[in-house]
Amino acid sequence: MNPLGGGIMFLIFGVTSGAHDLGMRKCRFFPCCSLSGAMAAVTCTFQQFTLFFIPLFRFGKRYFVTCPNCGTVYEIAKDEGKRLERDPLAEINPDKMYMMQGTYRKTCPNCKFPVDPGSRYCPNCGASLM
């Protein structure tokens, strides 16, 4: 017991991770499988400082988009991510995307079947890959 009558103060703070879905956006080109003009989900991840379980501020934001054809994940440059966050109708600039994970593979432009990088014709539909 404190002789001055004061109590004990507990401070509960922490850092947590979070993610925010920015919706579907059109991308002019995915280099992983040469997909053009597809709609893809954009996500923002972040860290947030909390005090008494109340989020106070976010930091360390990163933006990602996943190719809807092959699943390759790209990180989007921070300035491009902020632009996408502000404008829900903005199209993703492929020059601002950087491959993070996934298999970089070639697919048939006709049927989207995975093909070997050296293939001249699709084994699924017979389309020319040249």
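The values are calculated or read from the model by the stated rules, or taken from the named source; none is laboratory data. As the structure is a computational prediction, the values presented were derived from the model and not from experiment. Here the Cβ positions follow ideal geometry from the backbone for every residue, glycine too, while neighbour counts run over all protein chains shown.
Take the conditions in contact with a strand residue (DSSP E or B) (Cβ under 7 Å, 6 or more places away or on another chain) and not polar (S, T, N, Q) and apply them to Cys122. Does it pass? For Cys122, the condition - in contact with a strand residue (DSSP E or B) (Cβ under 7 Å, 6 or more places away or on another chain) and not polar (S, T, N, Q) - is met. Take the conditions (1) part of a helix (DSSP H, G or I); (2) in contact (Cβ under 8 Å) with a residue 12 or more places away in the chain; Arg83 misses just one of them, which is (2). From the list Arg62, Arg105, the lone residue that is in contact with a strand residue (DSSP E or B) (Cβ under 6 Å, 6 or more places away or on another chain), modelled with pLDDT under 80 and of a type in the set (D, E, K, R) is Arg105. Checking each residue in the range 47-80 for being crowded, with 18+ Cβ neighbours inside 10 Å and in a loop (DSSP other than H, G, I, E, B) picks out Cys67, Cys70, Thr72.
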